[in-house]
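Shown next, in structure tokens, is the structure this report addresses.
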Amino acid sequence: MVLSPADKTNVKTTWDKLGGHAGEYGGEALERTFMSFPTTKTYFPHFDLSPGSAQVKAHGKKVADALTTAVAHIDDLPGALSALSDLHAYKLRVDPVNFKLLSHCLLVTLACHHPAEFTPAVHASLDKFFSTVSTVLTSKYR
Amino acid sequence: MVHLTADEKAAVTALWGKVNVDEVGGEALGRLLVVYPWTQRFFDSFGDLSSPDAVMGNPKVKAHGKKVLNSFSDGLKNLDNLKGTFAKLSELHCDKLHVDPENFKLLGNVLVCVLARHFGKQFTPQAQGAFQKVVAGVANALAHKYH
């Protein structure tokens, strides 16, 4: 699966329209993930996961900032995400199935806040983008 | 069987009551075909699916989406017996239509995205959680008779 030039444009254009809310959306996507898919909470026993948790918001911002970096380097995702890829492979070891769950909740969050931007074509491009990022982050697992 | 709390049942009922089932069906099926183009394999007879606009405007896609979502709607009235409600459809999808049950999960998640787009902030994390349980239950029920 390859990101076409149109996909890259869709992702960059959409990300630019988030208007500085990316960090907030990262937190919301995490909250949605924990609520809809409780097994994902097993990776955060050290966190307060109650609604409105400051730790979840902070972590969501971290995730969103990484995605913003990925968007800025969309032509070289393996390069841009190399350190994060190492982290996930050797330290965090989050089971690959969970990347799909978070990706889905990122789509849901964006759909909620930007319904007009979330056209079928943009939906497809974002899904491909998150899938590509997930593949890079799990690429060194074995 | 899907285990929804009383609050979750209320959230699902409240939101579903505001859904234009015919339109949302067409949008969900259309987005499935656009976002996961390999799902088009089941719809060779539908005509032009060559671009997102062609898919979303295709009358056969809209009609079929309407059919699918009305069926899903029936399921919502029988959350305590999804397997019974969808038994015949499960056999049909296995024996006649030969649809990989993975596709039910894909459509369920696309439907959640469509609801999110329509309802915005009303589609709270709690509401999403309830709907994720429902779409998972329906997908399992539709796969139940596979052999």
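The values are calculated or read from the model by the stated rules, or taken from the named source; none is laboratory data. As the structure is a prediction and not an experimental result, all values here were calculated from the model. Glycine also receives a Cβ, built like all others from the backbone with ideal geometry; neighbour counts cover every protein chain displayed.
When A:P45 is tested against (1) assigned to a loop (DSSP other than H, G, I, E, B); (2) modelled with pLDDT of 95 or more; (3) of a type outside the set (D, E, K, R), just one condition goes unmet, and that condition is (2).
Residues that are of a type in the set (A, V, I, L, M, F, W, C) and under 14 Å from the mean Cα position of the chain (by Cα) were ranked within region B:124-138; the one that is farthest from A:S50 (Cα to Cα) is B:V138.
In the set (1) within 14 Å of chain B (Cβ to nearest Cβ); (2) modelled with pLDDT of 95 or more, the condition left unmet by A:P51 is number (2). Scanning region A:54-82 for residues that are part of a loop (DSSP other than H, G, I, E, B) and free of Cβ contacts under 8 Å to residues at least 12 places away in the same chain yields A:H73, A:D76.
Given the condition without any contact (Cβ under 8 Å) to a residue 12 or more places away in the chain, over 22 Å from A:K128 (Cβ atoms) and aliphatic (A, V, I, L, M), answer yes or no: does some residue in region B:11-21 qualify? Looking for residues that are without any contact (Cβ under 8 Å) to a residue 12 or more places away in the chain, over 22 Å from A:K128 (Cβ atoms) and aliphatic (A, V, I, L, M), one finds at least one in region B:11-21, hence yes. Determine whether B:A141 is under 16 Å from the mean Cα position of the chain (by Cα), more than 8 Å from every other protein chain (Cβ to nearest Cβ) and surrounded by fewer than 19 Cβ atoms within 10 Å (Cβ to Cβ). The answer is no for B:A141.
For (1) surrounded by 14 or more Cβ atoms within 10 Å (Cβ to Cβ); (2) small (G, A, S); (3) over 21 Å from B:A116 (Cβ atoms), each residue gets a yes or a no:
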residue	(1), (2), (3)
A:A6	no, yes, yes
A:W15	yes, no, no
A:S36	yes, yes, no
A:P45	no, no, yes
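Going by the conditions given, is A:T69 out of contact with any Leu (no Cβ under 7 Å at 6 or more places or on another chain) and farther than 30 Å from B:V55 by Cα? Yes, satisfied.
Across region B:10-60, what is the total count of residues that are part of a loop (DSSP other than H, G, I, E, B) and either over 20 Å from B:S73 (Cβ atoms) or basic (K, R) (or both)?
Summing the residues that are part of a loop (DSSP other than H, G, I, E, B) and either over 20 Å from B:S73 (Cβ atoms) or basic (K, R) (or both) in region B:10-60 gives 9.
Residues that are in contact (Cβ under 8 Å) with a residue 40 or more places away in the chain, surrounded by fewer than 18 Cβ atoms within 10 Å (Cβ to Cβ) and either within 11 Å of another protein chain (Cβ to nearest Cβ) or more than 14 Å from the chain's Cα centre (by Cα) (or both): does region B:115-123 have at least one?
yes
Being of a type in the set (A, V, I, L, M), within 14 Å of another protein chain (Cβ to nearest Cβ) and within 20 Å of B:F123 (Cβ to Cβ) is a property that A:V56 has. Regarding B:T85, is this residue out of contact with any strand residue (DSSP E or B) (no Cβ under 6 Å at 6 or more places or on another chain), within 14 Å of chain A (Cβ to nearest Cβ), farther than 21 Å from B:Y36 by Cβ and among the polar types (S, T, N, Q)? The answer is no for B:T85.
The numbered conditions (1) at pLDDT 95 or above; (2) under 16 Å from the mean Cα position of the chain (by Cα); (3) in a loop (DSSP other than H, G, I, E, B) are all true for A:G20 except (1).
Yes or no: B:V112 more than 10 Å from chain A (Cβ to nearest Cβ), closer than 17 Å to B:L69 by Cβ, assigned to a helix (DSSP H, G or I) and among the hydrophobic types (A, V, I, L, M, F, W, C)? Against the criterion (more than 10 Å from chain A (Cβ to nearest Cβ), closer than 17 Å to B:L69 by Cβ, assigned to a helix (DSSP H, G or I) and among the hydrophobic types (A, V, I, L, M, F, W, C)), B:V112 does not qualify. Just so you know, in region A:118-142 the residues that are more than 10 Å from chain B (Cβ to nearest Cβ) and in a loop (DSSP other than H, G, I, E, B) include one that is surrounded by the fewest Cβ atoms within 10 Å (Cβ to Cβ), and it is A:R142.
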